[in-house]
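The values are calculated or read from the model by the stated rules, or taken from the named source; none is laboratory data. Keep in mind that this is a model prediction, so the values were computed, not measured. Virtual Cβ from ideal backbone geometry, glycine too; neighbours counted across all protein chains shown.
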Amino acid sequence: MASRQEVRSEETKRAILAAATALFAERGFEAVSIREIAKAAGCSHTTLYIYFKDKEALLHQLSKGPLQSLAEQMERTLANEAVPPEAKLREISRQFIRFCLGNRNMYTLFFMVKASRIDVEQPEKELQALRTHLFALLRRAMQLSLPEEVGEAEALAFSRIYFYTLHGIVGTYTHSEETLDGLLERLAPTFDLAVDVILAGSKQLMTRSG
């Protein structure tokens, strides 16, 4: 059984994370200070530093679990040999869009804050490594749907365009007040069509160049 001190410590940590989530979502990562987070959490900034060394540590803690869960979901889809490649691409696209639109208040934090290139094989920071892994899964889904003769450079270029398209879809509705279910009910066929168009266009370009 946890001691009273351990329970209090865990409650303080949760309060800090909840305060950071609310402030980052409302005002953005850069605009919020450690002192403001501590005040909102009901503790001193020196207490906050016991749990998190800086704002980036908070960002990582807030992002790690959700992004890992998304990656695991996408990995299961890719590993399902009963699903054809193009169906995998559509399903992974749906999973990514659903996740981002379901976390609109955290979308920028999860994917944009302190971000570096997503095609670097070994990013220095763990959060960026998670983002890079998600891109690698999307890239793999695209590669599986393209003809085998497509070269590595071309596949990467098509994967980037696909990646930009997904983020463009999400960005369009980041500030929408429509519910997630409402958005998906109304627009899911359009989102699927966007992925189909990207794939068809990629194949058409390869046919012309071939």
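Among the residues of the stretch 61-83, write down those that are of a type in the set (S, T, Y) and touching a residue at least 12 places away in the same chain (Cβ under 8 Å).
S63, T77
Based on what the data block shows, is R98 out of contact with any Leu (no Cβ under 8 Å at 6 or more places or on another chain), assigned by TED's automatic domain parsing to the domain that holds E148 and in contact (Cβ under 8 Å) with a residue 60 or more places away in the chain?
Answer is no for this residue.
Among the residues of the stretch 72-81, which ones are surrounded by fewer than 16 Cβ atoms within 10 Å (Cβ to Cβ) and at pLDDT 95 or above?
Hits for the stretch 72-81 are E72, E75, R76, A79, N80.
Can you list the helices (runs of 4 or more DSSP H) lying wholly within the stretch 103-202 that have 1 or more residues being loosely packed, with under 14 Cβ neighbours inside 10 Å?
126-145, 152-172
For the structure I just gave you, tell me whether L180 is touching a Phe, Trp or Tyr at 6+ places or on another chain (Cβ under 7 Å) and not polar (S, T, N, Q).
Criteria not met by L180.
Only one of (1) free of Cβ contacts under 8 Å to residues at least 40 places away in the same chain; (2) under 21 Å from F110 (Cβ atoms); (3) of a type outside the set (D, E) fails for Q5. Which number is that?
(2)
For (1) among the basic types (K, R); (2) closer than 30 Å to D192 by Cα, each residue gets a yes or a no:
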| site | (1), (2) |
| --- | --- |
| K13 | yes, no |
| I16 | no, no |
| R27 | yes, no |
| I34 | no, no |
| C43 | no, no |
| L67 | no, yes |
| A87 | no, yes |
| G102 | no, yes |
| M112 | no, yes |
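What tally of residues in the stretch 61-79 results from selecting those that are among the aliphatic types (A, V, I, L, M) and farther than 13 Å from F135 by Cβ?
The number of residues fulfilling the criteria is 3.
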